[in-house]
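Peer 1: Next up is a structure, given as C-alpha cells.
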Amino acid sequence: MLWRLYINECIKTFSKLRTYIGFGALAVVVPLAMWGFSVGGSEIQRNLANQLGDDFLMTGNLANGLWASHILMFALFIHIPFLITLGAGDAVAGEGTAGTFRIYLTRPVSRNQVLTAKLLAAATYSSLLVAWLGLLSLGIGSLWLGLGDIIIIDGTGILILPWDIALGRFALAYLFAMLMMLSVVTLTFLLSVLVTNAVGPIVGTLAILIVASVLSVLELDALAWLQTNLLTYHFRVWRYAFDDPIPWSDVGTSIAYIVGYAGVFIGLSYIVFNRKDIMT
Amino acid sequence: MPGPILATANLSKRYGKRLAVDNLSLEIEQGEIFGFLGPNGSGKTTTIRMLLSLIKPSGGEVFCFGEPISKNYPRYLGKIGALVEKADFYLNLSALTNLKMLARLHENVDEARCREVLALVGLDDRRNDAVKTYSHGMQQRLGIAQAILHRPQLLILDEPSTGLDPQGMHEIRGMILGLVRQEGMTVFLSSHLLNEVEQICTSMAVLNEGKLLVSGPVKQFLSAEAATLTELQAQPPEQVRQVLAGLPFVTEIDDRQGGLRFRVAYDQRPKVLQALTAAGVEVFSMHPVSNLEDYFLSLFGSKEMAG
C-alpha cells in the first residue's frame, strides 16, 4: 500500500508547475555562472598565480570546471532550501487548502501511511533537485571549462586535490547535501501539518532557516554554545568532503545532529497529523 | 436480524467552550436511506466528519458494522463511500487520473471500474479533461463517482445537491435511488433540502445546535403532520375566517392566496365542516397538507430549514 501511496504522491508533486521552478532556476543560474567563470577565468587564474606563485609552481588550468562547481556549491547550498520549500511546503497544507483530504483520507489507509508517502515523495523531490545541481554544475563545468585539479583555499590552508580524487569528494559532498536538504524537508513538513495554508510552511521554514543561519555565523563567544547546537551550523558538513583527510568525527557529529533534528521534526509531524482535525 | 450498519453512542465534539455535537446517539439500519436534517451550523457536517474519522470525537464512539471504528478506522473506511460537502479534487489532473489515484488505495478497483463509474455519472466522454475545466455540477457528479468507486456498503453524502440546478438535483436523487435498488447500498444523506429527504429517505433524524431533536421513519413525521395542518378553499373569505376563529379546536389560522391554512386535530375535522356549512359558507375543498417543510416550521418555528 505504501508504494501505491508513494506513486500517488509523486503524481501530485510532479504534475504541479511549481515543482519545476527549482529545476528551472538551476538550469538558468548554473550555465550563467559557468559563462561568468569562462569569461573571467583568465583573471581568476592570474590572481591565484599572484597569490600562490611565490610558493608553488602553477601549471595547467586552475579555473577549471571542478573549481567552478566547488565555488557554486558554496553559493547555491545556501539557496537550495528556498527552492525545496516551494515544492515540499504544500505537501500537507496544500491538501488542506484544496479540500482534497476529504476524498483522500476517507480511504482505507492510515494517516501514518499517507504522511510517510508524502515524506518519501518530498525527499525524492529534494534529492532530485540536489542531484540536478550536481549534474548541471559538474557536467556543464567540465564541458565548458574542462577538468583539472582543484585548489581549495580556506582559513586553515590550501588543499590541492587531483581531479580523479576530487570527483569522489564531489559525490560525497552531494550525498551530505542531500541529507541536509532532507532535514529542511522535514522542517517544512512539520510546519505543513501545523497549518492549513500552503504559504505558511514556505515562509515559516525560510524564516527559521534565515534566523538560524545568521545565528550560526555570528562570531560571538556568548552564542558559541548555541551555534554548535543549531541545525544550520551543521549544514557545513558537505565542506568536510573537501578536507584532507576527511574529518570523519566531525562528519559523524554533524550527521548525527541533522538526523536528530530530522527525527524530531518527523516525530512531531506524525503526532500532530494523527491528532489533526480535518476541517477544510 | 442484523444490527445497525452505522451507529453513534453519545457522540460529542467540543471546540473550546462550544459544544458542536452533544451526546448524539443514532442507529442506521442496512438498506435504509437515512436523512440527516438540521439548520446550517447544527452540527451535521461535524458529525459526518466524525463518522469518517476526519475529526476526532471529544466523547462517545462511532460504530460501523457493530464495531467501534476508533480501533481500526482504515478497515471500515474501505466499506464506506463518502462525499463530504462539495467535491474537491486535484484540479490540474484529469477525472480519470483522479479516480485512478483513489482506486490505488483500494483492493480490486481497476481502471475499468473507474471508467464504469464515470459512465454512470455521465462523465466518461470528459474523462481525460482536467477537473478544473468542469462545472460545479460535473464536479459534484464526479464526487458521487469517487464515493461509489469501490462499491461501498454504506454511502455517506453530505448535502450532495448543494449548488446544483433542479435538473442536477433530480439526477443526483435518481442516482442515489438507483444505488440503493441496484447495489443494495445503505445511504446516510445529510441535507437541508426537506423535499429531497421527503422524496427519497426512509428514515430521518433532526439535529439542532448539536442535539438530536427527533428521529424515526419519515412516514411517521408525515402522518403526524397530516393530522393537524389543513388547507381550506371556501367562500366568502371573511365569513370563513370568522367561523374558524370561533372554533376553539382550530389554531394557527394563516391567510394564503387562494385558501386558508389552519391546524386541527384529525377527529375534529368533521366539526369544522359542519360549522362552515351551518354558517352558509361554500366549501370547495378541505384537505390535509402533508410535507416535511410544515413539520419543520412547527419544530423550529421559522423557515430557516426551508433554505
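Peer 1: Please state, to two decimals, what the Cα-based radius of gyration of chain B comes to when divided by 2.2 N^0.38 Å (N = residues). Provide the component values of the computation, followed by the final result.
Peer 2: Values: Rg = 23.2 Å, N = 307, 2.2 N^0.38 = 19.4 Å.
After normalising by residue count via 2.2 N^0.38 Å, the value is 1.20.
Peer 1: Based on DSSP H runs of at least 4 residues, each adding -39500 (n - 2.57), what is the mean residue ellipticity at 222 nm of chain A after dividing by all its residues, to the nearest 500 deg cm²/dmol?
Peer 2: -25000 deg cm²/dmol
Peer 1: Follow-up. Please build a GNM for chain B, connecting alpha carbons under 10 Å apart, and tell me which residue among B:Arg256, B:Arg18, B:Arg49 fluctuates the most.
Peer 2: Between B:Arg256, B:Arg18, B:Arg49, it is B:Arg256 that shows the largest mean-square fluctuation.
Peer 1: If you place +1 on the Cβ of every Lys and Arg and -1 on the Cβ of every Asp and Glu, how big does the dipole about the Cα centre of chain A come out, in debye to the nearest 20?
Peer 2: 1540
Peer 1: What are the ³J(HN,Hα) values, in whole Hz, obtained from phi via the Karplus relation 6.51 cos²θ - 1.76 cosθ + 1.60 with θ = phi - 60°, for each residue of the range A:17-28 in sequence order, with x given for Gly and Pro?
Peer 2: 4, 5, 4, 8, 4, x, 4, x, 4, 5, 5, 8
Peer 1: Convex hull over the alpha-carbon atoms of the range B:1-72: what's its volume per residue in Å³? Mind showing how you got there, number by number?
Peer 2: Details: hull volume 6.3 nm³, N = 72.
For the range B:1-72, the hull spanned by Cα atoms encloses 88 Å³ per residue.
Peer 1: Size of the dipole of the range B:129-280 about the Cα centre, Lys and Arg at +1 and Asp and Glu at -1 on the beta carbon, nothing else charged, in debye to 20?
Peer 2: On the way: 13 positive and 16 negative charges, 59 e Å.
Value, rounded to 20: 280 debye.
Peer 1: Right, next: Over the protein assembly as shown, what is the percentage of antiparallel beta bridges among all DSSP beta bridges, to the nearest 5?
Peer 2: Percentage antiparallel, nearest 5: 70.
Peer 1: So who's got an amide H within less than 5 Å of the one on B:Asn208, skipping anything under 5 residues away but keeping other chains? H placed 1.01 Å off N, in plane.
Peer 2: HN-HN under 5 Å from B:Asn208: B:Leu213.
Peer 1: To continue, here is another question. Taking amide H atoms as placed 1.01 Å from N in the peptide plane, list the residues 5 or more away in sequence, or in a different chain, whose amide H sits under 5 Å from that of B:Leu164.
Peer 2: none
Peer 1: Here's a follow-up. Work the Kirkwood hydrodynamic radius out for the protein assembly as shown: mean of 1/r over every pair of different alpha-carbon atoms, inverted, in Å.
Peer 2: Working: mean 1/r = 0.0347 Å⁻¹.
Result for the protein assembly as shown, one decimal place: 28.8 Å.
Peer 1: Turning to a different aspect of this structure: Mind telling me which of B:Pro236, B:Pro57, B:Pro160 comes out most flexible in a GNM of chain B, alpha-carbon contacts under 10 Å?
Peer 2: In this elastic network of chain B, the residue with the biggest mean-square fluctuation among B:Pro236, B:Pro57, B:Pro160 is B:Pro236.
Peer 1: Additional query: For the range A:1-148, divide the Cα radius of gyration by the Kirkwood radius and give the resulting Rg/Rh value with two decimals. Walk me through the intermediate numbers first.
Peer 2: Working: Rg = 21.3 Å, Rh = 17.9 Å.
My calculation puts Rg/Rh at 1.19.
Peer 1: Something else: Where the centroid of each part is defined by its Cα atoms, how far is the range B:272-287 from the range B:48-86 in Å?
Peer 2: Value for the Cα centre distance between the two parts: 55 Å.
Peer 1: Evaluate peptide B:103-113: per residue, the Cβ atoms of other protein chains within 10 Å of its Cβ; return the mean as an integer. Before the final figure, lay out the partial values.
Peer 2: Details: counts 2, 9, 12, 5, 2, 0, 0, 0, 0, 0, 0.
The mean count of partner-chain Cβ atoms within 10 Å per residue comes to 3.
Peer 1: While we're on this one: Regarding chain A, what is the average projected area of its C-alpha convex hull, in nm²?
Peer 2: Its Cα hull, projected and averaged over all orientations, spans 16.4 nm².
Peer 1: Report the full-extension gain for the segment A:Thr124 to A:Ala256: residue separation times 0.36 nm, less the Cα-Cα distance, to one decimal in nm.
Peer 2: Between A:Thr124 and A:Ala256, full extension yields 45.4 nm more.
Peer 1: Oh, and also: Can you list residues from other chains, or at least 5 along the same chain, whose modelled amide H is less than 5 Å from the amide H of B:Leu155?
Peer 2: Hits under the 5 Å cutoff: B:Gly81, B:Thr186, B:Val187, B:Phe188.
Peer 1: While we're on this one: Strictly over 29 Å apart at the Cα level, which of A:Lys16/B:Lys71; B:Lys56/B:Lys86; A:Lys276/B:Lys44; A:Lys16/B:Lys17 would you flag in this model?
Peer 2: Beyond 29 Å between Cα atoms: A:Lys16/B:Lys71; A:Lys16/B:Lys17.
Peer 1: Quick check for you: which residues of the range A:197-221 have the amide N under 15 Å from the point 7 Å beyond the Cα of A:Val264 toward its beta carbon?
Peer 2: Inside the label zone: A:208-209, A:212-213.
Peer 1: I need the phi-derived Karplus couplings for the range B:269-285: 6.51 cos²θ - 1.76 cosθ + 1.60, θ = phi - 60°, integer Hz, Gly and Pro marked x.
Peer 2: 4, x, 5, 5, 4, 4, 5, 5, 5, 5, 8, x, 7, 8, 9, 8, 7
Peer 1: Right, something else. Please build a GNM for chain A, connecting alpha carbons under 10 Å apart, and tell me which residue among A:Leu135, A:Leu179, A:Leu120 fluctuates the most.
Peer 2: Of A:Leu135, A:Leu179, A:Leu120, the most mobile in the Gaussian network model is A:Leu135.
Peer 1: Also, quick follow-up: Per-residue mean of other chain beta-carbon atoms within 10 angstrom of the beta-carbon, peptide B:81-93?
Peer 2: Mean shielding count: 5.
Bear in mind these aren't lab numbers, they're just calculated from the coordinates by the rules spelled out. The model shown is predicted, which means the values in this text are computed figures rather than measured ones. As a convention, Cβ positions derive from the backbone with ideal geometry for all residues, glycine included, and neighbour counts pool all protein chains shown.
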